[in-house]
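S.K.: Supplied in structure tokens, the structure appears directly below.
The values are calculated or read from the model by the stated rules, or taken from the named source; none is laboratory data. These figures come from a predicted structure and were not determined experimentally. Neighbour counts run over all protein chains shown; Cβ positions are idealised from the backbone, glycine included.
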Amino acid sequence: MLQAAQMIALRMTTLDILAEAKTTDMSTSMGIRFRGCANGLNRSTIQVEKALDRHLACELPMSLEPIPEPVNDIPDARWQAEIEHSQTQIEQIQAVIDLQRNRSSGAQGSTNEEPKNTLWTGAMKDRMNQPARPAPGG
């Protein structure tokens, strides 16, 4: 886009300089100087056009193969195994937490926080068993 804008600006400036050199009363040396500047701008425009052509020739065409949906890129069996593994990890962590809580409370079986943790663990397990939501726009 920038190269296209540069080409347009250089062409317009070149034409403006040539028009000014032709219409105003100026010395011969100044007219030659104006035409030389217009010629330099024309060469610059040609260089920008060539650079744009090279850039457009290097662009890779769009792939014709469909891109897999990121939500469905893991097979169901593997996904289920990951869920089960996560549930096992949650249970192990909960067991360690309960063990530490029992040690710190002097082995007194229950505390006020135990029902909260049980609810939290149950909610996490329920969430892990739910199927994934589809991606927006997909």
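S.K.: What are the residue pairs meeting all of these: first residue in segment 5-29, first residue closer than 19 Å to Ala51 by Cα and in the same structural domain as Leu52 (by TED's automatic domain parsing), second residue at pLDDT below 80 and exposed (fewer than 15 other Cβ atoms within 10 Å of the Cβ), Cβ atoms under 9 Å, and 6 or more apart or on different chains?
M.R.: none
S.K.: Can you name the residue in segment 111-138 that is among the basic types (Lys, Arg) and at pLDDT 70 or above and is also surrounded by the fewest Cβ atoms within 10 Å (Cβ to Cβ) among such residues?
M.R.: Our first condition is that a residue be among the basic types (Lys, Arg); within segment 111-138, this holds for 116, 125, 127, 133.
Those left that are additionally at pLDDT 70 or above: 125, 127.
Working: Lys125: 15, Arg127: 8.
In this case the residue turns out to be Arg127.
S.K.: So, one more: Test Cys37 against the criterion of being at pLDDT 85 or above, on the phi < 0 side of the Ramachandran plot and hydrophobic (A, V, I, L, M, F, W, C), and give yes or no. Before you say what the answer is, go through the steps one by one.
M.R.: Working: at pLDDT 85 or above: yes; on the phi < 0 side of the Ramachandran plot: yes; hydrophobic (A, V, I, L, M, F, W, C): yes.
Here the answer is yes, as Cys37 does meet what is asked.
S.K.: Taking segment 31-58 as the region of interest, how many residues are in contact (Cβ under 8 Å) with a residue 12 or more places away in the chain and over 15 Å from Glu20 (Cβ atoms)? Even if it seems obvious, please write down each step before you answer.
M.R.: Initial filter on segment 31-58 (in contact (Cβ under 8 Å) with a residue 12 or more places away in the chain): 34-35, 37-38, 41-42, 44-45, 48-49, 51-52, 55.
Next, from what is left, pick out any that are over 15 Å from Glu20 (Cβ atoms): 42, 44-45, 48-49, 51-52, 55.
Final tally of qualifying residues: 8.
S.K.: Which residue out of Gln92, Gln108, Gln80, Gln100 is modelled with pLDDT of 75 or more and either loosely packed, with under 10 Cβ neighbours inside 10 Å or within 37 Å of the chain's Cα centre (by Cα) (or both)? Working first, answer last.
M.R.: Details: Gln92 fails: either loosely packed, with under 10 Cβ neighbours inside 10 Å or within 37 Å of the chain's Cα centre (by Cα) (or both); Gln108 fails: modelled with pLDDT of 75 or more; Gln100 fails: either loosely packed, with under 10 Cβ neighbours inside 10 Å or within 37 Å of the chain's Cα centre (by Cα) (or both).
None of the other options fit; the residue is Gln80.
S.K.: Also, I was wondering about something else. Return the only residue of Asp16, Asp53, Asp25 being surrounded by fewer than 12 Cβ atoms within 10 Å (Cβ to Cβ), out of contact with any Lys or Arg (no Cβ under 7 Å at 6 or more places or on another chain), farther than 16 Å from Ala4 by Cβ and at pLDDT 80 or above. Quick ask: steps written out before the conclusion?
M.R.: Details: Asp16 fails: surrounded by fewer than 12 Cβ atoms within 10 Å (Cβ to Cβ); Asp53 fails: farther than 16 Å from Ala4 by Cβ.
From the options Asp16, Asp53, Asp25, the qualifying one is Asp25.
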